[in-house]
Amino acid sequence: MGQVTIYLEVSIEDKTSVAAETAHLSKSKPVASMMKGKKTTEWPESIVRLAGAWKDLSLAEEDRANLGQDVERAALQARQEAVANSTVVRGKP
């Protein structure tokens, strides 16, 4: 069983301690019971209403369609070297 450390306000801790002592339980039992009562298996209505509220994201292929053609690595490196060499030859930094 997992363990969790929680920090409670003094008044809440006092109430939890009293509830645990009255029921002859550890302090963790009332907290665990409260948390079990709060768990849910359905989305809140406010979240359900959001379905379809915004446009779907485009697919990666659609995003890439307008990017143009890729340049082959060897050709790109040759161009970069040519630019670097021409800069040195002209004496420009």
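The values are calculated or read from the model by the stated rules, or taken from the named source; none is laboratory data. All figures in this text were calculated on a predicted structure; none of them were measured in a lab. Glycine also receives a Cβ, built like all others from the backbone with ideal geometry; neighbour counts cover every protein chain displayed.
Results, tabulated for the structure shown:
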{"item": "For I47: the one exception among (1) part of a loop (DSSP other than H, G, I, E, B); (2) modelled with pLDDT of 85 or more; (3) under 29 Å from the mean Cα position of the chain (by Cα); (4) not polar (S, T, N, Q)", "result": "(1)"}
{"item": "Some residue of region 37-44 being within 24 Å of the chain's Cα centre (by Cα) and outside any loop (DSSP other than H, G, I, E, B)", "result": "yes"}
{"item": "Residues that are part of a loop (DSSP other than H, G, I, E, B) and of a type in the set (D, E), drawn from region 2-33", "result": "E9"}
{"item": "Selection status of E13, among the charged types (D, E, K, R), surrounded by 10 or more Cβ atoms within 10 Å (Cβ to Cβ) and in contact with a Lys or Arg (Cβ under 9 Å, 6 or more places away or on another chain)", "result": "yes"}
{"item": "Region 11-30 residues that are closer than 17 Å to M1 by Cβ, paired with ones that are hydrophobic (A, V, I, L, M, F, W, C) (beta carbon under 6 Å, 6 or more apart)", "result": "K27/A20; P30/A19; P30/A20"}
